[in-house]
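Reviewing the structure listed below.
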Amino acid sequence: TYIKLGQLLSMRPDTIPERLIAELRKLQDEVAPESFDKIRPIVEEGLGFKIEEIFESFDEEAIAGASMAQVHFATLKRDGSAVAVKVQRPGLRKVIDADFDILIWLAKQVHERVEELRPYDLPSLAETLREGMDRELDFRIEAKSMAYFRVQNPYPDVVQAPDCDEELVSPRVLVMERIGGRNIDEIERGSPLAQRLACQGSKSLFLSLIHISEPTRPERI
């Protein structure tokens, strides 16, 4: 839970010093992964089959690890396609519930005792964070979000979301198309590539919003 909060803070350079931001960003994909012995049962329980029945190959070493999940590269047996398998960490629900019980209790104490902070309504903020975390714990919601984005995406040639098979999705396991790329932090700020990516991302965002609100008149942009 506290790693997740650190990730959220890492996206606030307007309030957090740059050196601290640099450290907090390591929590996005450099958290120590769980061993494969702990991950295998989650994959097999979530998909309903042994790993060998679904995958031609499955890398036991995680390619990335974050607060709630880790990712393994694999190859599907049915068609040989390369996929990324996102697996939720074991025992996560129990840990998060305990963490938020503490966090919400602390928020209530601060709200009652520190008058200057009452306008921020910290208990409601903590409850909102908990609701968001509960949604993240169900990978089926993430799969639906990716599918929805692909339908609405006005620039599929430059902006992509991985495809995923509904048969290979569960609350704790998500098998998705493997797409190669580079971390955005590797792009030099102010470079022509950075400017082009910013432009493409902005167009995708705003055109998607217009398309959702007024699908019959995208020509207004």
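The values are calculated or read from the model by the stated rules, or taken from the named source; none is laboratory data. Every value quoted in this text rests on a predicted model; they were computed, and no experiment measured them. Every residue, glycine as well, gets a Cβ built from its backbone with ideal geometry; the counts of neighbours run over all protein chains shown. To get the accessible areas, we keep the full protein, side chains included, count just its heavy atoms, and leave off ligands, DNA and RNA. Shrake-Rupley method; radii C 1.70, N 1.55, O 1.52, S 1.80 Å.
Some observations on this one:
- Complete set of residues in the stretch 63-84 that are in contact with a Lys or Arg (Cβ under 8 Å, 6 or more places away or on another chain) and outside any loop (DSSP other than H, G, I, E, B): Ala69, Gln70, Val71, Phe73, Ala82, Val83, Ala84
- Ser124 vs. criteria of a type in the set (Ser, Thr, Tyr), in a helix (DSSP H, G or I), closer than 30 Å to Lys50 by Cα and open to solvent by 40 Å² or more (accessible area, probe 1.4 Å): no
- Among the residues listed as Glu60, Glu44, Glu53, the single one being open to solvent by less than 60 Å² (accessible area, probe 1.4 Å), out of contact with any Pro (no Cβ under 6 Å at 6 or more places or on another chain), among the charged types (D, E, K, R) and not in a strand (DSSP E or B): Glu44
- For the stretch 74-88, filtering for residues that are open to solvent by 20 Å² or more (accessible area, probe 1.4 Å) and either over 13 Å from Val43 (Cα atoms) or in contact with a Pro (Cβ under 8 Å, 6 or more places away or on another chain) (or both) leaves 7.
Residue-by-condition table, conditions (1) assigned to a strand (DSSP E or B); (2) out of contact with any helix residue (DSSP H, G or I) (no Cβ under 6 Å at 6 or more places or on another chain); (3) surrounded by fewer than 17 Cβ atoms within 10 Å (Cβ to Cβ); (4) of a type outside the set (A, V, I, L, M, F, W, C):
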position	(1), (2), (3), (4)
Asp14	no, yes, yes, yes
Ile21	no, yes, yes, no
Ile39	no, yes, no, no
Ala107	no, no, no, no
His111	no, no, no, yes
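- Residues of the stretch 161-187 that turn out to be touching a helix residue (DSSP H, G or I) at 6+ places or on another chain (Cβ under 8 Å) and either of a type outside the set (Val, Ile, Thr) or in contact (Cβ under 8 Å) with a residue 12 or more places away in the chain (or both), as a count: 16
- Filter pass, Gln160 being open to solvent by 50 Å² or more (accessible area, probe 1.4 Å) and either at pLDDT below 85 or more than 22 Å from Ala74 (Cα to Cα) (or both): no
- Pro171, sole failed condition from (1) over 30 Å from Arg40 (Cβ atoms); (2) open to solvent by less than 60 Å² (accessible area, probe 1.4 Å): (1)
- Here the condition is being touching a Phe, Trp or Tyr at 6+ places or on another chain (Cβ under 7 Å) and over 27 Å from Phe36 (Cα atoms); of Arg150, Arg118, Arg113, Arg130, it holds for Arg130 alone.
- Extreme residue, most open to solvent (accessible area, probe 1.4 Å), among residues of the stretch 23-37 that are under 21 Å from Lys94 (Cα atoms) and without any contact (Cβ under 8 Å) to a residue 40 or more places away in the chain: Asp37
- Looking across the stretch 131-153 at every residue that is in a helix (DSSP H, G or I) and hydrophobic (A, V, I, L, M, F, W, C), the one that is most open to solvent (accessible area, probe 1.4 Å) is identified as Val151.
- Of all residues in the stretch 145-157, those that are of a type in the set (S, T, N, Q) have Cβ atoms under 7 Å from Cβ atoms of residues that are loosely packed, with under 13 Cβ neighbours inside 10 Å, 6 or more apart or on another chain, in Gln152/Ile212.
- The listed residues are Ser67, Ser35, Ser57, and the only one of them that is of a type in the set (Gly, Ala, Ser) and touching a helix residue (DSSP H, G or I) at 6+ places or on another chain (Cβ under 6 Å) turns out to be Ser67.
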